[in-house]
Amino acid sequence: MRLGYDEKTEAFRDQFVAWLEANLPDPLLTAERPTSSAGVPEWARQFQRQMFDDGWLSPAYPSKLGGRSADLFEQMVYLEELGRRHVTRSFNPQGLGIVSASIVSFGNDEQIERWAVPIMRAEKTAALGMSEPGAGSDLAALATRAVLDGDHFVVNGQKVWTSGAHDADVLLVFVRTDPEAPKHKGISALIVETDTPGLDRRPFPDLGGPDHVDFNEVFFDDVLVPSTNLVGDLNDGWRICNGALAHERAMLWVMWSQSLDNMLDDALAELNGTSHADDDVVLDRLGRSIMDSHAIRLLGHRQLAKQQRGLVPAEQSILKLMGSEAQQDLAALILETLGAAALDQAVDSTLRFPYENDRGAVSWSDRYLFTFAGTISGGTSEIQRNIVAERVLGLPRG
Amino acid sequence: MRLGYDEKTEAFRDQFVAWLEANLPDPLLTAERPTSSAGVPEWARQFQRQMFDDGWLSPAYPSKLGGRSADLFEQMVYLEELGRRHVTRSFNPQGLGIVSASIVSFGNDEQIERWAVPIMRAEKTAALGMSEPGAGSDLAALATRAVLDGDHFVVNGQKVWTSGAHDADVLLVFVRTDPEAPKHKGISALIVETDTPGLDRRPFPDLGGPDHVDFNEVFFDDVLVPSTNLVGDLNDGWRICNGALAHERAMLWVMWSQSLDNMLDDALAELNGTSHADDDVVLDRLGRSIMDSHAIRLLGHRQLAKQQRGLVPAEQSILKLMGSEAQQDLAALILETLGAAALDQAVDSTLRFPYENDRGAVSWSDRYLFTFAGTISGGTSEIQRNIVAERVLGLPRG
Amino acid sequence: MDFELTDDQLELQRIARDVLDREAPASLARDIAEGSGSADELWATLTSLDWPALCLPEPVGGLGHGWVELAVLLEEMGRHVAPGPFAATVAQFVPAVRHAGTLDQQERFLAPVAAAGATGALAVDEGAGTWDLAQIRASATRDGDSFVLSGIKCFVVDGASAEEIAVVVRVDGGLRVVVVPGEAVAARELNPIDATTRHATIDLEGVRVGHDRLLVGSDSDDVVVRAVQEATVGVAASTLGACQRILDLNLDHARERQQFGVPIGSFQAVKHKLVDMYCLVERTRALVYFAALAFDSDDDRRAIATSMAKAGAGECQQRCVQDGLQLFGGIGYTWEHELQLFLRRAKVGELHFGSSSSHRRRIARCAMSAP
Amino acid sequence: MDFELTDDQLELQRIARDVLDREAPASLARDIAEGSGSADELWATLTSLDWPALCLPEPVGGLGHGWVELAVLLEEMGRHVAPGPFAATVAQFVPAVRHAGTLDQQERFLAPVAAAGATGALAVDEGAGTWDLAQIRASATRDGDSFVLSGIKCFVVDGASAEEIAVVVRVDGGLRVVVVPGEAVAARELNPIDATTRHATIDLEGVRVGHDRLLVGSDSDDVVVRAVQEATVGVAASTLGACQRILDLNLDHARERQQFGVPIGSFQAVKHKLVDMYCLVERTRALVYFAALAFDSDDDRRAIATSMAKAGAGECQQRCVQDGLQLFGGIGYTWEHELQLFLRRAKVGELHFGSSSSHRRRIARCAMSAP
């Protein structure tokens, strides 16, 4: 155990810091904001491309894929430096983190060149078609069908919660290709270009308000998808599906940790200088949130240290649970503390962090509501608890 | 809706108050304390007998059974006046509230005369043999067997958690008399004198300490019980069992309400004049306990009002849950608030309330631990929640 | 005590529920949130049904019902996330005029409410968001035949739309109520998190009103305290109703929604959360109606009853919003689903007339100082 | 950073666990609680295994290990509800002498600990139960070649049995540590809720000690602050261990105990509570070892790390005691079952060296005042 990093890691950090200082976009050029999680402004596309071309977009990858074969500690300081500056690597996070990552892991060279690299270079944006109505957290129950007919799949069915689909160029869609096989076994993964005939994207607003639109329903009505768009093997989609969700999961806690820290910074700024900063009831609860923030980072580092030693850490299964609930607790605290001052939804929308994906720069009331995306999506907190109980604590299935 | 009672009820109250003022034992005579929930000191026996003889022990009963056919509101003010003075009706609460009550409801005249009246007049004490090892909250799984052999039952098996059995003269024991019948159907209720050969009572301490003894294991090894000791019909014990638990359930909330109020009084006395009385964090939590205390009493009154109108109220199913957990929360608050001052288990054991069943007059640490008797026994809070979910909220069985 | 609604009160509840089921569907609240709806028609209907008059005293043309009946109506309004001036008028403006005004003044300002649904508001807080009367600085100064006002009032429910606003001000240091015509003040409307609970900041600076608009039925601060208590319990009753609806929606969802082949309501974790919500709703209802009874009986536990009702509603909304949204999963996380309308109505109750925590501390301080 | 135990540290943990499994079964704690047991034999064994020396500096005969290793041992002691002078000696007495004493004084008072398991205690609080150094009034006054003490010290762990007691006093207004022979003070032992954590009130009035017993390695109050920080984290580590054991006992129980025909661990409500306990145990472990690392690295986050470790342990014990007892049902509610021994050890941690709430408030105030 030790608090600092070794020299090699610190040298890596210095190198990245130097690159960032030389290459961060002029804040004045960042005024155009994203329209959805696949609607990326031009300045952000250019910056992402620059990162890729200079080997800083995905440091764990080899250089031809936008990286420099960094080890886990190097990836960690890389993320620390991004987080410290509130720099967003990609404003199309599912595109980079899941779609292109899945193609890199499971696709062939042609697919990597045709889709993964363009997504990484922000020439294309991508969205993930996984959830379906009625399936909820039960991914194995998905019903969208794809039937191979010659050199095309014919896709019929419906996806929902597809973030950014209306702004995306391609979708990675999980479909049932063998209806006879047991639930997990008959699933495949297809790349679908969003301008394919028969594909209908219907964006709908979340509970933030009628103009807060990122989710889509996506309908497939006899959509013809070339068989060359199959990622991985036929009926091997469950492995990709798990891989897609697991992708970069090793580092996913950093996102939870940094977004909690950001909210905490905002909370401290909000309370400082007010009478609340001297209210013991508020301080008592705030202390807990500060502890959450430290504990989550420390547990993440523990996971990292175990992975570096080749162990399979149990921490990752609790970090999403703890991180998402800690954010919810903190947002609730600030909302309740501000009281009447939080009645008004209008907020100062001036950008504090020009490089941040700030579609969340909203009132504390909305911030509180938006924390439920964290405790619901990607497996609700209840599902997470079941998983930890069974897989980590060895309790019997219910 | 109204806050007060009608004149008839208030007249009843006045009558009882006059009786109490004339008949409460001299506090100086109450120094002898109970040894268990069936080990009743002589002064308390005399007082209980006096209550019975004057028609004040069980006011809802007819006069020959120690009552005066009081209605629900009259029973309520009766309990209010007892509570206000911290007067315990019987230091053998299961004997009076469950055993004699079951015999009165389900037994024959001879049984009433032979056991119920003596228990009510505190000439005998009684304990309840219901729980068994391994059965926990699953009463239908009880395994103690009784086989009818001529004019006797032969009883074999084991009970546990039998409060006060080592001090009791008789037990009301639930036994399986038809092992072939479905779980609920083959159960019967027997009165067993504790001096019957083959019956072995082994008291054991609870977590309060090695000298905190009320529970017993009770072993039955070919115990011969006269068939005339069968209460109710053969194999009709499930109805009695439910009846026994349900007995006086209508008024059981008053016990929860009053014991919470008593704890709250003690808590306020403990904090008053200390720096904790000015600590906003403490006040915030204390406020919640005060609300609990009011809400529980109000919900109890709501239940009472519905019963008086002949309705079946849902409140009783949540009052035990809320009452037991509210006590636990309050005890935890005081324990945590006192901090180091609560490290020492020694407490001033001077009796504040000479008529109270004060085996609980202990440190806040023990008071906290003892609240778990409330959330565990008589159906754990988890079981209570299942029951409310299914019976009150109409949710499907799991 | 007899702590259950009488048959007449149960009948009133049933009628109110029927009326609002018909006249105030959730789509009305949604239309208002999206800027395309209006509460005017609902208010006209309720006025025609004598709702504004129901709990007003008979001398001003009211039907003479009490606070328990008012709580029944407010709870139903919350349960339907019903928009409009009902709550601010009858639970905020009316109590202020009733307790502070002379009989003549009550007649002058309340008869139009009873007869024709004139609307009112109550202005108390000045920005701290605590509704703490000790912090009131706004004032009315006599100038000839009139009073000149000074100060700013914040978080005034319906402050930009009410016809008359009961404004709590200082006159010679004491707390008094001045009834100011809504059109006389400059109001800036906020964009509240619940679109059906409209708020405004109003500027009193230099506003001049006739001397007879100063309510002079009593020269005690207590009447203002009482008016704010009633307004506070009114908010609690509305919050209670919204929470009840969140629970109802969740119970339906838990019975119907299937996951892993069974209704999610058969999962123990779901059951237990719903039971906790149910217990808190019942606890809050007990505390709200206790406060209403305390008003009707002029019981001296009014202050603690008010704080218990408000804090109870606050604890209840906290859990109902939290678990109610969580248990619904993604479906509840959309603008389309009506759940969010009730979440917002429940949450808004916590944010005005004092937080749960502040009321709990009052309760405890009160108990600590009791003999 | 590298936030996992090294192979050597893991090996130490394994050895410590084996030793205590063998030498400190729960029956030892039970015997002590029933008045029939003694911790002497365990202490002799641990001394023979060099436990007292392990984390002492080499110059005084120690093995030079750091706070991370000490946390490993203290956690295992808590996990075994092990009685005896280990915790008070190495996590309370030793830090006080190390930080406040000169090298000679360290040699004088610590070498006997390292060599022969001499025992020590630390006396700080004077009755408030807050361990707030600002409230210290006890004093040492120079009188010729000696100091005369005055004051009362409360809640002193092992205060009635330790051979030497490091007493925090005021000398000329500043905070200093005087090492007082245990036999020189009148001690009244309390009847603590955890019989393996013995406490005493000690009376310093008129006690006279040689001037060389005033530790003069530093004249800064900071060394006392540091000693109390280490003592506080020591309590947190022990609490953590007890909580881990409560969780372990519950997991075994949930897998084995059948109800309604299935193991209770298959009920979702049971699962979720166990997961919450597990998360809190892991959270606390992270915070405790962070504090240990901060001590070893002289990191300037020591103060906040200390408070986080203590508050973390406090939150953890609250949940583990609450749900750990509740989930066990009746079986855990007996004196016979070992669960209660661990519940008491876990709970006692909350009651000294400052409550969770007081530490959380310190954390928040510290963050509020940070730039």
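See the values below:
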{"quantity": "Kyte-Doolittle mean at least 0.0 and Cα axial length at least 18 Å: DSSP H helices in chain C", "calculated": "C:103-116, C:222-256, C:268-296, C:339-351"}
{"quantity": "Pseudo-label separations to other copies for D:C366 - Cα-to-Cβ vector, 7 Å, nm", "calculated": "3.9"}
{"quantity": "Computed over chain A: relative contact order in percent, which uses C-alpha pairs under 8 Å that are six or more apart", "calculated": "13 percent"}
{"quantity": "Folded to 0 to 90 degrees: helix B:72-84 orientation relative to chain B principal axis, Cα", "calculated": "60 degrees"}
{"quantity": "Antiparallel content of DSSP bridges confined to chain B, in %, to 5", "calculated": "85 percent"}
{"quantity": "Which listed pairs, of A:K320/D:K273; B:K159/B:K185; C:K310/C:K347; C:K271/D:K271; B:K185/D:K271, have C-alpha distances above 23 Å, in listed order", "calculated": "B:K185/D:K271"}
{"quantity": "Relative contact order for the stretch A:7-91, counting Cα pairs under 8 Å that sit 6 or more residues apart, in percent", "calculated": "29 percent"}
{"quantity": "Net dipole in debye of the protein assembly as shown [+1 Lys, Arg Cβ; -1 Asp, Glu Cβ; about Cα centre; nearest 20]", "calculated": "980 debye"}
{"quantity": "For D:T6, C:T306, A:T228, order by how many other beta-carbon atoms lie within 10 Å, fewest first", "calculated": "A:T228, D:T6, C:T306"}
{"quantity": "Helix B:280-308 axis, angle to chain B major axis (alpha carbon atoms, nearest 10°)", "calculated": "50 degrees"}
{"quantity": "Length-normalised contact order of the stretch C:113-254 in % [C-alpha pairs under 8 Å, at least 6 apart]", "calculated": "22 percent"}
{"quantity": "Residue (of D:L287, D:S358, D:L341) at the positive-pole extreme of the stretch D:222-369, dipole from beta-carbon charges", "calculated": "D:S358"}
{"quantity": "Lys/Arg +1, Asp/Glu -1 at C-beta; chain A dipole; positive extreme among A:V87, A:A70, A:A126", "calculated": "A:A70"}
{"quantity": "Closest-to-axis residue of chain C (Cβ criterion, axis taking C to D), whole Å", "calculated": "C:Q268, 2"}
{"quantity": "Label distances, nm, D:L133 versus same residue in remaining copies, Cβ-directed 7 Å point", "calculated": "4.8"}
{"quantity": "Tilt relative to chain B, helix B:42-53 - C-alpha long axis, 0 to 90 degrees, to 10", "calculated": "80 degrees"}
{"quantity": "Sum of -39500 (n - 2.57) over DSSP H runs of 4+, divided by residues of the protein assembly as shown (222 nm, nearest 500)", "calculated": "-15000 deg cm²/dmol"}
{"quantity": "Other copies of C:I331: label-to-label distances in nm, shortest first, labels 7 Å along the beta-carbon direction", "calculated": "3.9"}
{"quantity": "For residues of D:273-280, the mean tally of beta carbons on other chains within 10 Å", "calculated": "6"}
{"quantity": "All Cα pairs of chain A, percent lying beyond 39 Å", "calculated": "18 percent"}
{"quantity": "Whole-Å semi-axes of the protein assembly as shown's equivalent ellipsoid (Cα gyration tensor)", "calculated": "50, 47, 38"}
{"quantity": "The stretch B:126-237, Cα convex hull volume normalised per residue, Å³", "calculated": "93 Å³"}
{"quantity": "Efficiency of FRET from Cβ geometry, D:L103 and D:D50, R₀ 25 Å, rounded to 0.05", "calculated": "0.70"}
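Quick note: the coordinates plus some simple rules give every number you see, no bench work behind them. Since we're looking at a predicted model, the values are computed, not measured. Cβ: placed from backbone, ideal geometry, glycine included. Neighbour counts: every protein chain shown.
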